[in-house]
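S.K.: Dumping the structure here so I can ask a few things about it.
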Amino acid sequence: MLKDSEGRAFDYIIVGGGSAGCVLANRLSANANTKVCLIEAGKPDNSAFIHAPAGYAATVTQGFMSWPFETVPQKGLNNRLGFQPRGKVMGGSSSVNGMLYIRGHHDDYNEWQALGNEGWDYDSVLPYFKKSENNERLNDEYHGQGGPLNVADLQSPSHLSEAFLKACEAQGYPRTEDPNGASQQGCWMTQVTQKDGERCSSAKAFITPVLSRKNLTVFTQAHVANVILEIKNGEKVATGVRVYLNNQRKKTTDLLAHKEVVVSAGTFGSPQVLQLSGIGNKQDLNKVGVDCLHHLPGVGQNLQDHLTVVPIYRTPQHKGSFGLSILGAVDVAKGIMEWRKQRTGKLTTNFAEAGLFIKSDEDQPREDIELEFVIGIVDDHSRKLHLGHGYCVHTTLVLPKSRGSVKLASNDPFAMPLIDPNFLGHEDDVKAMVLGLQQTLDIMNDPELAPYNKKMIYPLDRNNLEQLEAYVRDHADTEYHPTSSCKMGPETDPMAVVDHELKVRGIGNLRVVDASIMPNITAGNTNAPTIMIAEKAADMIVNSQL
């Protein structure tokens, strides 16, 4: 991609050019005397399918900018294989996601600190959310201006999204202008990571503006085989990485890190890189022919994800929605021309234009279900197509109790890992999904949406709990928010992989910085929290050298 340097030695090597890695590369290379190397397995982020916000509808399902991961058979989902795509392009999943800017609940972070992670309470992380942010509308104690990550209102939201919000209000949910402020409560129109009608990914925000820095080397189409470990003064230390450059699969190159290696390869990639490096559960590593250099049993454990189920509705009109029809194709063609000329119009949508946080039942201490209203038919990640037009709503469990794992399938660095989210492994998750789906149907059947409701593609009776549970088990899948596979925790936690400074326990000069370090998943979309984690980590790394 971008540029290379003749040298093969750096101060910092960052493995993964995703939401976290791009932030780190920007902040660490701000010191002109610090040599930084950023390694990304995917291609440069120069496709119109990335920069046109609506283009992401094609990138994930087609897999040309994503890792086509699948889960192992999920017992709770009738032994189906779940789809688990992750971004394989500069910017990682921030280049192919739905662009929702959601931070999570204040208590998410207070609970992290309560688990023994000093400095991760809400008051401590808020400055890092603000540091990265340039919010075009909100200017108060909760939001930042002047940061690299642009956060904006949707340019041309559909009238269907407004009808959904009115249905929420009719069902007793007040409207809020900011689910990222004082409270998550209420229904809202989505704010998105966009700028001037284009996606504002982590790459666009943090890397593109600083590519001219002579001390920053960026490799794309470079696949990391493992972290290089050595013994120095009796301590295990990370000294570099072994990488396949330029899409090669036979020849590796060793890159040296004088100060630190930072693994930011994502919730699936980071435990995989650690395990391939001999860091993980000894028994599991031995099974696949990897010599265990450091027994750390928590690597790949504690995997958490948001499970979602999607009621789907047909609408008698094409206006305001996306669908397969002649009139719909004409609308999209006009939208393409408008976006190319003006960066406005239909293609600036993120599809998930409105939302609401609710409690699955009143006994819940806080909201555990997120609804995302989508102005199109989404069936099996849009891999099952239906003629005509419609809309749907993602009903997502944001506080799951189920825990899964990420393990090596083999010692081949190019082999896909074994991903087991253990969806619905905890009985409370089944109950929460069914109750959340009931309330979703109440909103979707409200008279405010009646003029647009032709019929459901998969008819559901809100009072038939057995039918609702069967629908969840037959149709639910990931909301694309895997976290927590390299959890942060104190020394007293035997499954902790990193400490509160994100240093890998027992290994010098090695950190993990991405969504995998979350002790527990956040209640909402995970891109904004991941960027916050990287902002905080960058400060910790810089301060450690002072």
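Read-outs throughout are calculated quantities, based only on the coordinates presented, and are distinct from any laboratory measurement. It should be emphasised that the depicted structure is a prediction, and the values quoted were computed from it without experimental measurement. Using ideal geometry, Cβ is built from the backbone for each residue, glycine included, and neighbour counts are taken over all protein chains shown.
S.K.: If I ask for residues that are surrounded by fewer than 23 Cβ atoms within 10 Å (Cβ to Cβ), of a type outside the set (A, V, I, L, M) and part of a loop (DSSP other than H, G, I, E, B), which ones from region 288-300 would you list? So that I can check it myself, show each step before the final result.
M.R.: Residues of region 288-300 surrounded by fewer than 23 Cβ atoms within 10 Å (Cβ to Cβ): 288-295, 297-298.
Imposing the further condition that a residue be of a type outside the set (A, V, I, L, M) reduces the set to 289, 291-292, 294-295, 297-298.
If the condition is that a residue be surrounded by fewer than 23 Cβ atoms within 10 Å (Cβ to Cβ), of a type outside the set (A, V, I, L, M) and part of a loop (DSSP other than H, G, I, E, B), then Gly289, Asp291, Cys292, Pro297, Gly298 are the ones that fit.
S.K.: If you go through region 481-504 one residue at a time, how many are buried (at least 18 other Cβ atoms within 10 Å of the Cβ), in contact with a helix residue (DSSP H, G or I) (Cβ under 7 Å, 6 or more places away or on another chain) and not basic (Lys, Arg)?
M.R.: Adding up the residues that qualify gives 8.
S.K.: Here's a follow-up. Kindly indicate which of Val406, Val434 is within 23 Å of Cys187 (Cα to Cα) and among the β-branched types (Val, Ile, Thr).
M.R.: On the way: Val406 fails: within 23 Å of Cys187 (Cα to Cα).
Within the list Val406, Val434, the selection yields Val434.
Residues checked against (1) touching a helix residue (DSSP H, G or I) at 6+ places or on another chain (Cβ under 6 Å); (2) in contact (Cβ under 8 Å) with a residue 60 or more places away in the chain; (3) β-branched (Val, Ile, Thr); (4) buried (at least 18 other Cβ atoms within 10 Å of the Cβ):
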site: Thr220; (1), (2), (3), (4): no, yes, yes, yes
site: Thr253; (1), (2), (3), (4): no, yes, yes, no
site: Val273; (1), (2), (3), (4): no, yes, yes, yes
site: Asn302; (1), (2), (3), (4): no, yes, no, yes
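S.K.: Looking only at region 138-182, which residues are among the aliphatic types (A, V, I, L, M), over 25 Å from the mean Cα position of the chain (by Cα) and farther than 16 Å from Glu353 by Cα?
M.R.: Once the filter is applied, which keeps residues that are among the aliphatic types (A, V, I, L, M), over 25 Å from the mean Cα position of the chain (by Cα) and farther than 16 Å from Glu353 by Cα, region 138-182 yields only Ala170.
S.K.: For residues that are surrounded by fewer than 18 Cβ atoms within 10 Å (Cβ to Cβ), touching a residue at least 24 places away in the same chain (Cβ under 8 Å) and not hydroxyl-bearing (Ser, Thr, Tyr), tally how many sit in region 135-156.
M.R.: Filtering region 135-156 down to residues surrounded by fewer than 18 Cβ atoms within 10 Å (Cβ to Cβ) leaves 136-142, 145-146, 153, 155-156.
Adding the requirement that they be touching a residue at least 24 places away in the same chain (Cβ under 8 Å) leaves 137-138, 140, 142, 153, 155-156.
From what is left, the residues that are not hydroxyl-bearing (Ser, Thr, Tyr) are 137-138, 140, 153, 155.
Number of matching residues: 5.
So that you can scan it fast, the table gives a plain yes or no per residue for (1) exposed (fewer than 14 other Cβ atoms within 10 Å of the Cβ); (2) among the charged types (D, E, K, R):
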| residue | (1), (2) |
| --- | --- |
| Leu424 | no, no |
| Ala432 | no, no |
| Leu435 | no, no |
| Gln438 | no, no |
| Lys455 | yes, yes |
| Tyr458 | yes, no |
| Asp461 | yes, yes |
| Glu466 | yes, yes |
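S.K.: Hey, among the residues in region 16-66 that are over 20 Å from the mean Cα position of the chain (by Cα) and β-branched (Val, Ile, Thr), which one's farthest from Lys204 (Cα to Cα)?
M.R.: The extreme case among them is Thr34.
S.K.: Quick check on region 73-128: of everything there that is touching a strand residue (DSSP E or B) at 6+ places or on another chain (Cβ under 9 Å), within 30 Å of Thr208 (Cα to Cα) and aliphatic (A, V, I, L, M), which residue is surrounded by the fewest Cβ atoms within 10 Å (Cβ to Cβ)?
M.R.: Among those that are touching a strand residue (DSSP E or B) at 6+ places or on another chain (Cβ under 9 Å), within 30 Å of Thr208 (Cα to Cα) and aliphatic (A, V, I, L, M), it is Leu100.
S.K.: With the requirement that a residue be farther than 18 Å from Gly197 by Cα and free of Cβ contacts under 8 Å to residues at least 40 places away in the same chain, what does region 320-350 give you?
M.R.: If the condition is that a residue be farther than 18 Å from Gly197 by Cα and free of Cβ contacts under 8 Å to residues at least 40 places away in the same chain, then Ile326, Leu327, Ala329, Val330 are the ones that fit.
S.K.: If you go through region 351-393, how many residues are out of contact with any His (no Cβ under 9 Å at 6 or more places or on another chain), more than 29 Å from Lys195 (Cβ to Cβ) and not in a strand (DSSP E or B)?
M.R.: Here the count works out to 12.
S.K.: Another question, if that's okay. Quickly run through region 24-44 and pick out the residues that are out of contact with any Asp or Glu (no Cβ under 6 Å at 6 or more places or on another chain) and either part of a loop (DSSP other than H, G, I, E, B) or not hydrophobic (A, V, I, L, M, F, W, C) (or both).
M.R.: So the first thing to find is which residues in region 24-44 are out of contact with any Asp or Glu (no Cβ under 6 Å at 6 or more places or on another chain), and the list is 24-33, 36-44.
Hits for region 24-44 are Asn26, Arg27, Ser29, Ala30, Asn31, Ala32, Asn33, Glu40, Ala41, Gly42, Lys43, Pro44.
S.K.: Take the residues in region 304-315 that are in a loop (DSSP other than H, G, I, E, B) and within 22 Å of the chain's Cα centre (by Cα); name whichever of them is surrounded by the most Cβ atoms within 10 Å (Cβ to Cβ). Full working, then the answer.
M.R.: Here is the first cut: in region 304-315, the ones in a loop (DSSP other than H, G, I, E, B) are 305-306, 310-311, 315.
Imposing the further condition that a residue be within 22 Å of the chain's Cα centre (by Cα) reduces the set to 305-306, 310.
Numbers: Asp305: 28, His306: 24, Val310: 25.
Within region 304-315, the match that is surrounded by the most Cβ atoms within 10 Å (Cβ to Cβ) is Asp305.
S.K.: Taking Gln84 and the conditions (1) in contact with a Ser or Thr (Cβ under 7 Å, 6 or more places away or on another chain); (2) more than 30 Å from Ala470 (Cβ to Cβ); (3) not charged (D, E, K, R), which numbered condition does it fall short on, given that it satisfies the others?
M.R.: (2) is the only condition that Gln84 fails.
S.K.: Name, by its number, the condition in (1) touching a Leu at 6+ places or on another chain (Cβ under 8 Å); (2) more than 27 Å from Gly506 (Cβ to Cβ); (3) aliphatic (A, V, I, L, M) that does not hold for Leu245.
M.R.: It is condition (1) that Leu245 fails.
S.K.: While we're on this one: Could you list all residues from region 375-433 that are closer than 28 Å to Ala58 by Cα and without any contact (Cβ under 8 Å) to a residue 60 or more places away in the chain?
M.R.: Scanning region 375-433 gives Lys384, Ala415.
S.K.: Please find, within region 67-113, the residue that is farthest from Leu424 (Cα to Cα) out of those that are within 13 Å of the chain's Cα centre (by Cα) and small (Gly, Ala, Ser).
M.R.: Gly91
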